[in-house]
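Colleague: If you scroll down you'll find the structure; I have some questions about it.
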Amino acid sequence: MTKKIVSPVNSLKGEIKIPGDKSISHRAVMFGAIADGKTTIEGFLPGEDCLSTISCFQKLGVQIEQNGDQVTVYGNGWDGLKEATDILDVGNSGTTTRLMMGILATRPFHSVVIGDASIAKRPMARVTVPLKEMGAKIDGRGEGNYTPLAVRGGMTKGITYNSPVASAQVKSAILLAGLQSEGVTTVTEPHKSRDHTERMLKAFGVELEENETTVSVRGGQVLKGQKVVVPGDISSAAFFLVAGAIVPNSEVKMLNVGVNETRIGIIDVLTQMGAKLTISNERVINEEKMADLTICTSSLKGIEIGGEIIPRLIDEIPVIAVLATQANGTTVIKDAEELKVKETNRIDTVVGQLKKLGANIEATEDGMIIHGPTQLTGGNVDSFGDHRIGMAMAIAGCIANGKIEIEDVEAIDVSYPTFFQHLQKLV
Ligand code: S3P
């Protein structure tokens, strides 16, 4: 395991091009794999999670070529997927696991899905239960709740499913299975989660019906290969949005960032806290909005974050907690119990690590409460193998009054392999 020392910085200045969106990169490979014809992907995120998706679909018989952020997928339709002779290893990727389960649920063959130690603890019943209801045969530890999972897909029937959680992974798995099921499949969620699946399916020629928090798809539709341009990942930009706001004398510009409405909770939070943030050069490519974002050092105030905004910023909460340590007053994050089932229990890991750096932060049942502003101190922290915890700690290190040493920084390669190069460029 690699350690990294981060020293305090005086200012951050300059421009960076944020790497491709992780959610969109996964979907482009998967949808290309089940589509008829060639799909080319520009701006693909060559992070470990998305490489796991490529490797799983190669094992399922799909020819995929990857060279940095350029990918070509030679799809042969749904029947182009073949029984793999090996296990399908998803590494650390929950998105690969859950979306691929939706695809495998309708394939008339046997598959075994495994991942790393973190994946083995993450709940899969949220997808296996509805997929079994549709007719797939799935088994796994804890009655199909944990990997390794064995799937034998088959003739599935459309369902109407009320998801207890606002989860794009659950919604997407069911809709993907619905595409190869008899009749109509409908998913309703408590709040709208990210809608990249809906947007990209439309770009691949699928007809969907959408109404606020409900999406329906008719079975038997085919996808046609496309050219996909992946915007930069706002979840990666979030680290430098926060850094630019809290490091003194800073001005950071991030180019080509995806600003899909279902992902920009971080922009709403920064604006409400009083950050100096400008959005420019807005445009739409492949149904996805992107823009350039510029942030300057700002005077911030604590706010309350909860309700419908939570799914729109769920992955940004570790770095929002760092932001809140520098805001005047109290920040309350609530309705975020989903944090407990991410790559780590992010309520425990965020609160535990920030406390080590002197933050005034406490865990609650469904989030955390942070009192600011606090001068963070140097110290030793751990990512616990969670990429976003590692990066949030590095941003905390920029404003601490001493060096911080972060254990297990290679986890960052899951979503942002060039993170430290970008940080160095801005210093
Ligand atoms: C993702 C959806 C979110 C998010 C994850 C990526 C996706 O998870 O936290 O990092 O690509 O669909 P949930 O759908 O479980 O909320």
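Colleague: ALA166: within 12 Å of the ligand (Cβ to nearest atom) and either surrounded by fewer than 23 Cβ atoms within 10 Å (Cβ to Cβ) or over 22 Å from the mean Cα position of the chain (by Cα) (or both), yes or no? Full working, then the answer.
Modeller: Details: within 12 Å of the ligand (Cβ to nearest atom): yes; either surrounded by fewer than 23 Cβ atoms within 10 Å (Cβ to Cβ) or over 22 Å from the mean Cα position of the chain (by Cα) (or both): yes.
When the stated conditions are applied, ALA166 passes them.
Colleague: Still on this model: Among the residues of segment 140-184, which ones are on the phi > 0 side of the Ramachandran plot and part of a helix (DSSP H, G or I)?
Modeller: GLY142, GLU143, GLY144
Colleague: A follow-up question, please. Only one of VAL332, VAL350 is buried (at least 21 other Cβ atoms within 10 Å of the Cβ), β-branched (Val, Ile, Thr) and not in a loop (DSSP other than H, G, I, E, B); which? Step through it out loud before you land on a result.
Modeller: On the way: VAL332 fails: buried (at least 21 other Cβ atoms within 10 Å of the Cβ).
Residue meeting the stated conditions: VAL350.
Colleague: Now for a different question. Kindly indicate the residue of segment 136-161 that is in contact with an Asp or Glu (Cβ under 8 Å, 6 or more places away or on another chain) and either open to solvent by 10 Å² or more (accessible area, probe 1.4 Å) or in the same structural domain as VAL341 (by TED's automatic domain parsing) (or both) and also farthest from the ligand (Cβ to nearest atom) among those meeting that condition. Steps first, answer last, please.
Modeller: Keep residues of segment 136-161 that are in contact with an Asp or Glu (Cβ under 8 Å, 6 or more places away or on another chain), which gives 149-150, 155-159, 161.
Next cut, either open to solvent by 10 Å² or more (accessible area, probe 1.4 Å) or in the same structural domain as VAL341 (by TED's automatic domain parsing) (or both) only: 150, 155, 157-159, 161.
Numbers: ALA150: 22, MET155: 26, LYS157: 24, GLY158: 21, ILE159: 18, TYR161: 14 Å.
Only one residue tops the list, namely MET155.
Colleague: Out of LEU175, LEU201, I need the residue that is open to solvent by less than 30 Å² (accessible area, probe 1.4 Å), more than 29 Å from ASP386 (Cβ to Cβ), within 15 Å of the ligand (Cβ to nearest atom) and at pLDDT 95 or above. Which one? Outline the logic, then answer.
Modeller: Details: LEU175 fails: more than 29 Å from ASP386 (Cβ to Cβ).
From the options LEU175, LEU201, the qualifying one is LEU201.
Colleague: Determine which single condition LEU208 fails, assuming it passes every other condition in (1) aliphatic (A, V, I, L, M); (2) under 27 Å from ASN92 (Cα atoms); (3) not assigned by TED's automatic domain parsing to the domain that holds PRO318.
Modeller: Result: LEU208 fails condition (2) only.
Colleague: Being surrounded by fewer than 24 Cβ atoms within 10 Å (Cβ to Cβ) and not in a loop (DSSP other than H, G, I, E, B) is the filter here, so list the residues in segment 240-250 that pass it.
Modeller: Matches in segment 240-250: none.
Colleague: Within segment 354-393, restricting attention to residues that are open to solvent by 10 Å² or more (accessible area, probe 1.4 Å) and basic (Lys, Arg), which residue is nearest to GLN326 (Cα to Cα)?
Modeller: LYS355
Colleague: Any chance segment 293-308 includes a residue that's open to solvent by 20 Å² or more (accessible area, probe 1.4 Å) and touching a His at 6+ places or on another chain (Cβ under 6 Å)?
Modeller: Yes, because at least one residue in segment 293-308 is open to solvent by 20 Å² or more (accessible area, probe 1.4 Å) and touching a His at 6+ places or on another chain (Cβ under 6 Å).
Colleague: Looking at (1) surrounded by fewer than 21 Cβ atoms within 10 Å (Cβ to Cβ); (2) in the same structural domain as GLY75 (by TED's automatic domain parsing); (3) within 19 Å of VAL284 (Cβ to Cβ), which one does ARG194 not meet, given that it meets all the others?
Modeller: It is condition (1) that ARG194 fails.
The values are calculated or read from the model by the stated rules, or taken from the named source; none is laboratory data. Bear in mind the structure is a predicted one, so any value in this text is a computation, not a measurement. We place every Cβ from the backbone using ideal geometry, glycine too, and count neighbours over all the protein chains shown. We work out accessible area using only protein heavy atoms, side chains counted, and drop any ligands, DNA or RNA first. Shrake-Rupley method; radii C 1.70, N 1.55, O 1.52, S 1.80 Å.
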